[in-house]
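Take a look at the structure set out below.
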């Protein structure tokens, strides 16, 4: 909106951005779901799940558990691919535990997966509203790559693809590779090679989205069941990040991708060309990033920094909103 479009004395509210969240819950995926459901600037059309942090059976169960705790009784959850395109599945029990979402007491979901495959769900939602729907992917990109292969028209029908994955610096599984890209680099190569806009929120920015004990206390002070659930997730995440990554405060990687859709001004992004290494003996899964001059026309953009306090304000407001439903 330009200044000439504004109504004097009143700021028009932008329509919420419709998204499908493709994820593998996962502690930080759980917080991403909460943010997407609780932030009025986002319209969560559904959640699709994929194997990654744990098997697809477990990630789908976890997505349904988060929806149940958050009171999202009408949320569509569609289960997707149970393995990468060409490789054996690598999961992350050292970070996320045997269930994929260890920490809180087990939840018996009252939300259940819809019939049909996540790939078809993604295609359907994008093609129902050409130019409107953003795919937010916070997991290995297997579902998204297969959706593109099954229906190439989504490349021009989607508004944008925003992913949590990759790094232009150091990885977290190998020195070269971040987990989501490492698990299925062939899928990532398809996604980054497609003719659609991709914004990458990699480790360089998501490692700035750490949950300090002070921030966690703000979440706990909300006092709702969903806030309690979130703090239990963070407690476990804190313990594994300290042990596995030598980080005192856990970074909630996946919420960054949703937050970017809700409010791009929270982040600095730069135009770039991102290419995926699929054959390197020691560099498989590397997101090879060539930055371009500011203002250059580019299909890829890469997050470089965020306004941390404003980011957490948005997450906390969303959790509080869910607690009031």
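Once a ≥ b ≥ c are taken as the square roots of the eigenvalues of the Cα gyration tensor of the stretch 244-325, is the result rounded (a/c under 1.5), prolate (a/b larger than b/c) or oblate (a/b not larger than b/c)?
It is oblate, given that a/c is not under 1.5 and a/b is not larger than b/c.
Report Rg(Cα)/(2.2 N^0.38 Å) for the stretch 194-301, keeping two decimals.
Scaled against compact globular proteins, the figure is 1.32.
How long is the gain from residue 296 to residue 268 if the chain were fully straight, where each residue apart is worth 0.36 nm and the alpha carbon distance is subtracted?
Value of the extension gain: 8.6 nm.
Ordered by packing density, taken as the mean number of other Cβ atoms within 10 Å over each peptide's residues, highest first, how do 284-292, 253-261, 100-108, 117-125 rank?
Result, highest mean first: 253-261, 117-125, 284-292, 100-108.
If each residue of separation counts as 0.36 nm, what is the full-extension length gain between residue 235 and residue 87 once their alpha-carbon separation is subtracted?
50.0 nm
Once you have a ≥ b ≥ c as the square roots of the Cα gyration tensor eigenvalues for the stretch 14-323, tell me rounded if a/c is under 1.5, and otherwise prolate or oblate according to whether a/b is larger than b/c.
Judged from the Cα gyration tensor, the stretch 14-323 comes out rounded (a/c under 1.5).
Using a Förster distance of 30 angstrom, determine the FRET efficiency expected from the C-beta separation of residue 221 and residue 108, and round it to 0.05.
0.65
Say a paramagnetic label sat at a point 7 Å from the Cα of residue 129, along Cα to Cβ; which residues of the stretch 258-279 have their backbone N under 11 Å from it?
Within reach of a label on residue 129: no residues.
Which values, in whole Å and largest first, are the semi-axes of the equivalent ellipsoid of the stretch 62-212 obtained as the square root of 5 times each eigenvalue of the Cα gyration tensor?
24, 23, 15
Do the sum for the chain: with -39,500 (n - 2.57) for every DSSP H run of n ≥ 4, divided by all residues, what is the mean residue ellipticity at 222 nm, to the nearest 500 deg cm²/dmol?
-11500 deg cm²/dmol
Treat each spin label as a single point 7 Å out from the Cα along the C-beta direction, and report the residue 246 to residue 15 distance in nm.
Reported label-point gap for residue 246 and residue 15 is 5.0 nm.
To check you understand DSSP bridge types, tell me what percent of the beta bridges within the chain (both residues inside) are antiparallel, rounded to 5.
35 percent
Find the percent of Cα-Cα distances in the stretch 121-182 that exceed 18 Å, and round it to a whole number.
Percent of Cα pairs beyond 18 Å in the stretch 121-182: 40.
What does the C-alpha gyration tensor say about the overall shape of the stretch 163-234? Classify as rounded when a/c is under 1.5, otherwise prolate if a/b is larger than b/c, or oblate.
The shape class here is prolate.
How do 26-32, 90-96, 188-194, 138-144 rank on mean C-beta neighbours within 10 Å, highest first?
For the peptides 26-32, 90-96, 188-194, 138-144, the packing ranking is 138-144, 26-32, 188-194, 90-96.
Only the coordinates and a few stated rules stand behind these numbers; no lab work does. As the structure is a prediction and not an experimental result, all values here were calculated from the model. Counting neighbours? That spans all protein chains shown, and the Cβs are built from the backbone with ideal geometry, glycine included.
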